[in-house]
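Trainee: Before anything else, here's the structure in question.
The values are calculated or read from the model by the stated rules, or taken from the named source; none is laboratory data. This structure is a prediction, so every number in the text was calculated from the model and none was measured. FYI the Cβ positions are ideal-geometry reconstructions off the backbone, even for glycines, and counts take in every protein chain you see.
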Amino acid sequence: MGTDRRRLARLAAEQTSVEEPEWERIAARFLYGAFEEELSARLEEKKIRNFPEKLEWLCREGLYGDYILEGYEREELSKAAEWIREERNGLFTYAGLELLLNRYVIRSRAGEILETPQEMYLGIALHLALREKKEERMGWVRRFYDVLSLQQATMATPTLSNARKPFHQLSSCFIDVVPDSLDGIYRSVDNFAKVSKFGGGMGLYFGKVRAAGSAIRGFDGAAGGVIRWVRLVNDTAVAVDQLGMRQGAAAVYLDAWHKDLPEFLQLRTNNGDDRMKAHDLFPAVCYPDRFWRMAEENLDQEWHLFCPHEILTVKGYALEDFYGEEWEKRYLDCVADRRLSRRTVVLKDLVRMILKSMAETGTPFVFNRDAVNRANPNGHQGMIYCSNLCTEIAQNMSPMELLEVRVEEGESPAVVTSVRPGDFVVCNLASLCLGNLPVEDEAAMEQVVTTVVRALDNVIDLNFYPLPYAKLTAKRYRGIGLGVSGYHHMLAKRGIRWESEEHLTFAGQVFETINYLAVKASSRLAEERGSYPCFPGSDWATGEYFRKRGYESERWQSLAAKVAETGMRNGYLMAVAPTSSTSILAGTTAGLDPVMKKFFLEEKKHSILPRVAPELSPSTFWYYKEAHHVDQSWSLRAAAVRQRHIDQAQSVNLYITNDYTMRQILNLLLLAWREGVKTLYYVRSRALEVEECESCSS
């Protein structure tokens, strides 16, 4: 019977079309019916009759964390099971349900699915509420479960996948500063391997590593440069492949004034010496304002590239440790100092290399370092050198430092290595599903935002960290990344065109409200649990955070006063990730992007997956303008409007076609810089002849 229902599910999925999108929901019901029948037979065979018995069996098999059974009494687990609402399975689309059953629910070692979607959400809620006060804990379990199962918000994939399991690594991404030493470089590679082992992505900043041809211990020309070390990271990404599931993922960042930049820009291109390539990594460039200002003024100017080690040796300071006017003053000082060797290029040639790589590979990502650091609420404690794998995280970073290697003799001799940890950034993410939320209803939004901020704060204390350095930094700043998905879904169902002033106005209102509610929630948490350790002296404490963003209304001023009095639980609050997988689960559009297509059928392992724009109907059809047809300047203007209300950054993609010239792409990068957009993710090129856009053909 289960096989028949699966066949019916596939047939229904294949009937899905622009005219009849609801076949996707019908297909999901057939698929769930088949799954439910198969699971019931499996549980009957194992004599599992209820939720507590299932958890006990899973724990015995090593598939569920013992901490859940140890933390909750059996009566509490039975009570929690009563809150399960199976009718919420009707919210899944066929693509979302298939993805969840294939990737997220718990399976036996033989590959048999052993929990339902609603049990998955409940298990995650039980984990997230584990350390709440005993008298309040079950109330929070229910709130976490409701927010997840109603698809009002999604936790990041590592949290959805790993919460409730024995190895509960719940964080999405990590960021490390690669030091300029043999020990430091290999420690960073080792860090990446351990992060990758547990499914985390990574951003690595190489801006401190000396350039090719630099001196080592006074011997000129001895250094191999950044590219050799980047290739080592590339090989590690391939080797540490998460039990054969998928290879590791990392973005590598380099400053726009680093001597090795020309070679770095060719890491993923298809021509050139393959020994200088790293096809499995994602390069990104960190740009100062001066670079874009010169590019805007005159591309025929000279741009000077330096070795950071040589600057440190000759000038006594690390240029990368400064930003803004101070950086520019020191950069010009380096240009004027003839003791420093440099690699001088015409700006036009360098920009051409950047644009060529973007058009060919989608990279390098863009990190506008001055905009990022000016808005850093914790600038009193450090510097932000780069972002993460998906360009939405912007938190303080600093390199680790080897202090000593000590030999302890005796019966059991030991070699003890002491390392000063630095700031090793951790990204804990969740997304509000804007298309599924009443964003105009502030009371309803406050309920959801407060719940999700609390869940993310709990993740910091509940997490299994692959590295002790990550845990220390997470506790120091208690940074979280509250983001969104379903942005285009939200606009389309309200009849708001992407290319309109109405879009910009509405986006500003929605994101200001979300930010206000997030700050309020974190401040209340600080009142209950205490502020993050670095709060004194921060922009939150001084009120500079609110002044920089022009928050002058009475309610913002009242909140600023409250924050100064009670503190902030989280040093970083908002960051908008791409949400490609979790948006499918929630049946909404991905992150901040416009839809790629209103409808298409995706072939996957002998099956057809229908992909339909959410709530596609005659009333929404014309508002789903497809990504490659959108005027990208509107996307950047919207990103700028949102950026004011996001203390970290956003994963913003640009969509271009073959008709785009290099000058047009450059104009988009300059527009992003002028408008204060902190980062750009992929430039997504599409080789096609642009047809008449369906959304304009009415």
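Trainee: Do you know which of the residues in the range 281-333 that are basic (Lys, Arg) and buried (at least 16 other Cβ atoms within 10 Å of the Cβ) is nearest to Asn234 (Cα to Cα)?
Mentor: Among those that are basic (Lys, Arg) and buried (at least 16 other Cβ atoms within 10 Å of the Cβ), it is Arg290.
Trainee: Collect the residues in the range 389-413 that are among the hydrophobic types (A, V, I, L, M, F, W, C) and either surrounded by 10 or more Cβ atoms within 10 Å (Cβ to Cβ) or within 14 Å of Ala470 (Cα to Cα) (or both), keeping them in residue-number order.
Mentor: Correct list: Leu389, Cys390, Ile393, Ala394, Met397, Met400, Leu402, Leu403, Val405.
Condition check ((1) over 30 Å from Val105 (Cα atoms); (2) assigned to a loop (DSSP other than H, G, I, E, B); (3) without any contact (Cβ under 8 Å) to a residue 24 or more places away in the chain; (4) among the aromatic types (Phe, Trp, Tyr)) across all residues:
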{"position": "Leu160", "(1), (2), (3), (4)": "no, no, no, no"}
{"position": "Lys165", "(1), (2), (3), (4)": "no, yes, no, no"}
{"position": "Ile175", "(1), (2), (3), (4)": "no, no, no, no"}
{"position": "Phe192", "(1), (2), (3), (4)": "no, no, no, yes"}
{"position": "Val195", "(1), (2), (3), (4)": "no, no, no, no"}
{"position": "Gly199", "(1), (2), (3), (4)": "no, yes, no, no"}
{"position": "Gly207", "(1), (2), (3), (4)": "yes, yes, no, no"}
{"position": "Arg210", "(1), (2), (3), (4)": "yes, yes, no, no"}
{"position": "Arg228", "(1), (2), (3), (4)": "yes, no, yes, no"}
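Trainee: Quick one: count up the residues across the range 239-280 that are loosely packed, with under 15 Cβ neighbours inside 10 Å and aliphatic (A, V, I, L, M).
Mentor: Going through the range 239-280 one residue at a time, the tally reaches 3.
Trainee: May I ask you to say which residue of Ala318, Ala336, Ala295, Ala359 is within 30 Å of Thr473 (Cα to Cα) and of a type in the set (A, V, I, L, M, F, W, C)?
Mentor: Testing whether each residue is within 30 Å of Thr473 (Cα to Cα) and of a type in the set (A, V, I, L, M, F, W, C) leaves just Ala318.
Trainee: Next question. For residues that are within 32 Å of the chain's Cα centre (by Cα) and among the charged types (D, E, K, R), tally how many sit in the range 191-222.
Mentor: 4
Trainee: Determine whether Leu525 is within 27 Å of Val641 (Cβ to Cβ) and surrounded by 18 or more Cβ atoms within 10 Å (Cβ to Cβ).
Mentor: Details: within 27 Å of Val641 (Cβ to Cβ): no; surrounded by 18 or more Cβ atoms within 10 Å (Cβ to Cβ): yes.
It is false that Leu525 is within 27 Å of Val641 (Cβ to Cβ) and surrounded by 18 or more Cβ atoms within 10 Å (Cβ to Cβ).
Trainee: If we keep just the residues of the range 615-665 that are closer than 19 Å to Ile496 by Cβ and of a type in the set (Val, Ile, Thr), which is farthest from the chain's Cα centre (by Cα)?
Mentor: Thr620
Trainee: For Arg549, work out the one condition from (1) under 27 Å from Arg497 (Cα atoms); (2) in contact with a strand residue (DSSP E or B) (Cβ under 9 Å, 6 or more places away or on another chain); (3) touching a residue at least 24 places away in the same chain (Cβ under 8 Å); (4) not hydroxyl-bearing (Ser, Thr, Tyr) it doesn't fulfil.
Mentor: Answer for Arg549: the failing condition is (2).
The rows are residues; the columns are (1) aromatic (Phe, Trp, Tyr); (2) surrounded by fewer than 17 Cβ atoms within 10 Å (Cβ to Cβ); (3) in contact (Cβ under 8 Å) with a residue 60 or more places away in the chain; (4) outside any loop (DSSP other than H, G, I, E, B).
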site: Val351; (1), (2), (3), (4): no, no, yes, yes
site: Lys356; (1), (2), (3), (4): no, yes, yes, yes
site: Val372; (1), (2), (3), (4): no, no, yes, yes
site: His380; (1), (2), (3), (4): no, yes, yes, yes
site: Ser387; (1), (2), (3), (4): no, no, yes, no
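Trainee: Report the residue count in the range 20-42 for those that are farther than 25 Å from Phe600 by Cβ, surrounded by 13 or more Cβ atoms within 10 Å (Cβ to Cβ) and without any contact (Cβ under 8 Å) to a residue 60 or more places away in the chain.
Mentor: 2
Trainee: Is it fair to say Ala295 is part of a helix (DSSP H, G or I) and closer than 22 Å to Glu360 by Cα?
Mentor: When the stated conditions are applied, Ala295 passes them.
Trainee: Determine which single condition Tyr186 fails, assuming it passes every other condition in (1) aromatic (Phe, Trp, Tyr); (2) part of a strand (DSSP E or B); (3) surrounded by fewer than 23 Cβ atoms within 10 Å (Cβ to Cβ).
Mentor: It is condition (2) that Tyr186 fails.
Residue by residue, here is whether (1) among the hydroxyl-bearing types (Ser, Thr, Tyr); (2) modelled with pLDDT under 95; (3) out of contact with any Asp or Glu (no Cβ under 8 Å at 6 or more places or on another chain) holds:
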| site | (1), (2), (3) |
| --- | --- |
| Arg478 | no, no, no |
| Ser485 | yes, no, yes |
| Phe511 | no, no, yes |
| Ala541 | no, no, yes |
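Trainee: So which of Pro399, Pro438 ends up being out of contact with any helix residue (DSSP H, G or I) (no Cβ under 6 Å at 6 or more places or on another chain) and not aromatic (Phe, Trp, Tyr)? Write out each step before concluding.
Mentor: Details: Pro438 fails: out of contact with any helix residue (DSSP H, G or I) (no Cβ under 6 Å at 6 or more places or on another chain).
That would be Pro399, the only listed residue that is out of contact with any helix residue (DSSP H, G or I) (no Cβ under 6 Å at 6 or more places or on another chain) and not aromatic (Phe, Trp, Tyr).
Trainee: Considering only residues of the range 453-507 that are among the aliphatic types (A, V, I, L, M) and assigned to a loop (DSSP other than H, G, I, E, B), which is surrounded by the fewest Cβ atoms within 10 Å (Cβ to Cβ)?
Mentor: Top of the filtered list is Ile496.
Trainee: Go through the range 44-97 residue by residue and tally those that are among the acidic types (Asp, Glu), touching a residue at least 12 places away in the same chain (Cβ under 8 Å) and in a helix (DSSP H, G or I).
Mentor: 4
Trainee: Here are some residues: Thr344, Thr361. Which one is modelled with pLDDT under 95 and either among the hydroxyl-bearing types (Ser, Thr, Tyr) or crowded, with 23+ Cβ neighbours inside 10 Å (or both)?
Mentor: Numbers: Thr344 fails: modelled with pLDDT under 95.
Checking each option against the conditions leaves just Thr361.
Trainee: OK, next. Test each condition in (1) outside any strand (DSSP E or B); (2) surrounded by fewer than 18 Cβ atoms within 10 Å (Cβ to Cβ) for Pro614 and report the one that comes out false.
Mentor: Looking at each condition in turn, Pro614 falls short on (2).
Trainee: State yes or no: is His304 in contact with a Lys or Arg (Cβ under 6 Å, 6 or more places away or on another chain), more than 29 Å from Gln247 (Cβ to Cβ) and part of a helix (DSSP H, G or I)? Give the derivation first.
Mentor: Values: in contact with a Lys or Arg (Cβ under 6 Å, 6 or more places away or on another chain): yes; more than 29 Å from Gln247 (Cβ to Cβ): yes; part of a helix (DSSP H, G or I): no.
The answer is no for His304.
Trainee: Taking the conditions exactly as written (buried (at least 22 other Cβ atoms within 10 Å of the Cβ), of a type in the set (S, T, N, Q) and either on the phi > 0 side of the Ramachandran plot or part of a loop (DSSP other than H, G, I, E, B) (or both)), does Ser214 satisfy them or not?
Mentor: Numbers: buried (at least 22 other Cβ atoms within 10 Å of the Cβ): yes; of a type in the set (S, T, N, Q): yes; either on the phi > 0 side of the Ramachandran plot or part of a loop (DSSP other than H, G, I, E, B) (or both): yes.
Taking the combined requirement at face value, the residue satisfies it.
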